[in-house]
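S.K.: Once you've had a glance at the structure underneath, I'll fire off some questions.
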Amino acid sequence: MQPDHETRGLAQHWQILIGMLAGAIIGILLNSTQGRSEAKVDVDALPPGLTSLAIVDSPDRVEIRYKTTDGDQHKIIVDGRQGADADVPTIDKLKSSHPGVYRWFADHGRSTSRIVGDSARKFGGLFLRMLQMVAIPLVVSSLISGVMGLGDASQLGKMFGKTMTYYLCTSFLAIVTGLIVVNVIQPGVGQEMVFAGGEKVVGTTSLSETLFAQLESLIPKNPFHALANGDFLSIISFSIMFAICALIVGGKTASFIKDFFESCFEVMMQLTLFIIMLAPYGVFLLMLYVTSTHGASVFSSLAWYMCAVLTALGIHACITLPLILRYFAKRSPWEYARSMSPALLTAFSTASSNGTLPLTMACVEKRAGIDNKTSSFVLPLGATINMDGTALYEAVAVLFIAQLHHGESLPLSYQLIVALTALLVSIGAAGIPHAGLVMMVIILQAVNLPIEMQGIILAVDRVLDMCRTSVNVWSDSCGCAVVGRET
Ligand code: ASP
């Protein structure tokens with residue numbers, strides 16, 4: 001399968017970049033020129049029961065003044081940014097507290113930039129729905145086919161243990177690096193942007209309660225219920241247990257299940273690639289929404305966010321993994337990186353671990369001299385479940401969004417949920433472009449953040465995807481050297 005969809009003409013990442021720039025430019029222009037409007041409603045157009053109605057809409061404040069037929073004057077002021085902060089009256093709150101007043105505002109008082117932004121949010125939301133639609137089936141089929149790719153259950157043994165230990169340790173180290181960097185740089189703090197749809201979750205439960213709840217969800221009472229509800233942890237753990245037991249049963253049953261889920265995975269991957277073809281439009285609409293309602297200020301926080309992701313990826317790829325390579329595999333990191341360079345560069349340009357897999361295997365065997373027994377076991381499994389770069393990226397991105405949403409650094413218990421979910425999500429993510437982005441919806445939902453806020457980071461996802469995919473492939477390759485030396 002092609003690693004990325006190149007439609008005739010422009011490569012997809014260029015299309016996405018153009019979509020992003022166009023959305024941002026139009027949005028910023030609209031915000032600066034059409035972001036404010038003042039409307040005094042004509043007598044003939046007045047809603048029943050009113051003698052006057054005036055509305056001022058500006059990006060950060062909406063003022064509605066009206067006089068009723070019995071002579072009473074009223075003034076309502078709400079925060080112009082879309083959001084649901086507990087203490088601030090917002091347009092969304094107005095919708096439920098004063099539905100009639102909200103209707104007048106929607107009918108008579110919205111500025112052009114707000115009208116455009118609201119529509120872009122609705123249609124961009126369709127793209128996000130599609131991403132949500134594929135997430136669960138993609139995870140289930142990717143995990144089951146990946147685990148079953150191990151072959152005979154009797155061969156799982158030692159190598160499985162070592163490989164899994166390596167995967168878990170490096171993903172854990174990657175996430176810790178991400179957490180440290182995002183807490184030091186704090187790219188989202190001081191940039192409060194409140195979006196619709198989320199509730200504050202900070203400090204609602206203790207650390208032990210939250211961890212135990214995570215543990216409980218690893219054992220779903222009813223896997224079908226978990227599937228229907230998108231309960232991600234339950235789905236992952238059940239899929240792994242299911243695949244391992246299918247391997248143990250073996251024979252016709254195992255080969256039937258393996259073939260079935262491999263086919264499902266291929267189909268889901270294809271569907272995802274089709275959806276990703278819509279990314280330029282999705283990016284355009286979501287950027288338009290973000291910038292037309294919030295203006296250019298969004299970019300300053302985005303630069304710090306990119307800096308945080310790239311710094312953390314750099315530390316993991318250039319310090320942590322080379323140290324592991326040096327001390328556990330007794331290999332020269334520089335030499336090993338040189339042997340792997342064709343695969344690393346291909347991973348960078350395709351943003352797909354799966355697409356790069358044949359080349360990774362060739363480099364590991366032919367250039368780095370690792371034996372085929374190790375590489376054929378470690379690499380395919382790694383391309384599916386070992387994604388250090390993705391795990392790190394998920395943690396940084398979600399905490400960045402959380403910082404933006406809550407306007408402050410977040411408590412450890414909250415960060416731990418993000419870290420744990422990021423680890424599991426990276427295990428479940430497919431090795432295709434933007435898979436990490438697709439999966440992030442699950443973490444955002446797990447910590448109750450508005451998924452619309454993904455629109456902010458979507459714009460720079462391609463470039464970060466290229467970097468994290470190289471780190472994913474680099475970690476798989478180092479895993480071969482570590483596991484290969486010991487077996
Ligand atoms: N593109 C990445 C990979 O193939 C997955 C991701 O989106 O993080 O490894």
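The values are calculated or read from the model by the stated rules, or taken from the named source; none is laboratory data. Keep in mind it's a predicted model, so treat the numbers as computed, not measured. Neighbour counts are summed over all protein chains in view; Cβ atoms, including those assigned to glycine, are modelled from backbone coordinates with ideal geometry. Heavy atoms of the whole protein, side chains included, go into the accessibility calculation; ligands, DNA and RNA do not. Shrake-Rupley method; radii C 1.70, N 1.55, O 1.52, S 1.80 Å.
S.K.: Using 0.36 nm times the number of residues separating I18 and R103, minus their current alpha carbon distance, what extension gain do you get?
M.R.: Extra length from I18 to R103 when fully extended: 27.0 nm.
S.K.: Oh, and also: Whole-Hz ³J(HN,Hα) for each residue in the stretch 27-38, computed from phi via Karplus 6.51 cos²θ - 1.76 cosθ + 1.60 with θ = phi - 60°, x for glycine and proline: what do you get?
M.R.: Result, rounded to whole Hz: x, 5, 4, 4, 4, 7, 9, 10, x, 10, 9, 10.
S.K.: Pull up all non-local amide H partners of T90: gap of 5 or more, or a different chain, and H-to-H distance under 5 Å with H placed in the peptide plane.
M.R.: D79
S.K.: Taking amide hydrogens as modeled 1.01 Å from N in the peptide plane, which residues meet the under 5 Å criterion relative to G431, leaving out close sequence neighbours?
M.R.: Long-range HN contacts for G431: N354.
S.K.: Over the stretch 336-385, average the accessible area per residue using a 1.4 Å probe and give it in Å², no decimals.
M.R.: Here the per-residue accessible area is 38 Å².
S.K.: Convert each backbone phi in the stretch 120-134 into a coupling constant with the Karplus relation 6.51 cos²θ - 1.76 cosθ + 1.60 (shift: θ = phi - 60°), then list the ³J(HN,Hα) values in order as whole Hz, x for Gly and Pro.
M.R.: Here the 3J(HN,Hα) series is 4, 5, 5, 6, x, x, 5, 5, 5, 4, 5, 4, 5, 4, 8 Hz.
S.K.: Please compute, over every Cα-Cα pair in the stretch 359-432, the percentage with a separation greater than 22 angstrom.
M.R.: Summing the P(r) of the stretch 359-432 above 22 Å gives 42 percent of all pairs.
S.K.: Through the Karplus equation 6.51 cos²θ - 1.76 cosθ + 1.60, θ set to phi - 60°, convert the phi angles of the stretch 385-396 into ³J(HN,Hα) values in whole Hz; use x for Gly and Pro.
M.R.: With coefficients 6.51, -1.76 and 1.60, one gets 10, 9, 10, 4, x, 5, 4, 4, 4, 4, 5, 5 Hz.
S.K.: Taking amide H positions as placed in the peptide plane 1.01 Å from N, state which residues far from R61 in sequence (5 or more) or on other chains have amide H under 5 Å from it.
M.R.: Amide H to amide H, under 5 Å and 5 or more residues apart or across chains, R61 pairs with G80.
S.K.: Sticking with this one: Taking the Cα atoms only, what angle lies between the long axis of helix 207-217 and the longest principal axis of the chain, rounded to 10 degrees?
M.R.: Value to nearest ten degrees: 70.
S.K.: Further, regarding this structure: How large is the Kirkwood hydrodynamic radius of the stretch 315-387, in angstrom, based on all distinct alpha carbon pairs?
M.R.: Taking the inverse mean of 1/r over all distinct Cα pairs, the stretch 315-387 comes out at 12.6 Å.
S.K.: If a/c stays under 1.5 just call it rounded; otherwise compare a/b with b/c (prolate if a/b is bigger, oblate if not). Do that for the stretch 223-356, with a ≥ b ≥ c from the square roots of the Cα gyration tensor eigenvalues.
M.R.: Oblate, because a/c is 1.5 or more while a/b does not exceed b/c.
S.K.: Determine, for each peptide in 181-188, 138-145, the mean count of other beta carbons within 10 angstrom over its residues, then list the peptides with the highest first.
M.R.: The peptides rank, most packed first, as 138-145, 181-188.
S.K.: Specify whether the C-alpha gyration tensor of the stretch 418-480 places it in the rounded, prolate or oblate class, a ≥ b ≥ c being the square roots of the eigenvalues: rounded for a/c under 1.5, otherwise prolate if a/b is larger than b/c and oblate if not.
M.R.: oblate
S.K.: Please give the helix 435-446 orientation as an angle from the longest Cα principal axis of the chain, in degrees from 0 to 90, rounded to the nearest 10.
M.R.: 60 degrees
S.K.: Related question: Could you tally the net charge around I115, taking each other residue with its Cβ under 12 Å from the Cβ of I115, Lys/Arg +1 and Asp/Glu -1?
M.R.: Cβ neighbours under 12 Å give a net charge of +1.
S.K.: Carbon-plus-sulfur fraction of the accessible area of the chain, 1.4 Å probe, in percent?
M.R.: Carbon-and-sulfur percentage of accessible area, whole number: 64.
S.K.: Size of the stretch 338-487 along its principal axes in angstrom, Cα-based, largest extent first?
M.R.: Its Cα atoms span 50, 30, 21 Å along the three principal axes.
S.K.: Sorting check: for 42-54, 250-262, 359-371, 418-430, which peptide has the highest mean count of neighbouring beta carbons within 10 Å, and how do the rest follow?
M.R.: Per-residue Cβ counts within 10 Å, averaged per peptide and sorted highest first, yield 418-430, 359-371, 250-262, 42-54.
S.K.: Taking N as the number of residues in the chain, what is its Cα Rg relative to 2.2 N^0.38 Å?
M.R.: 1.08
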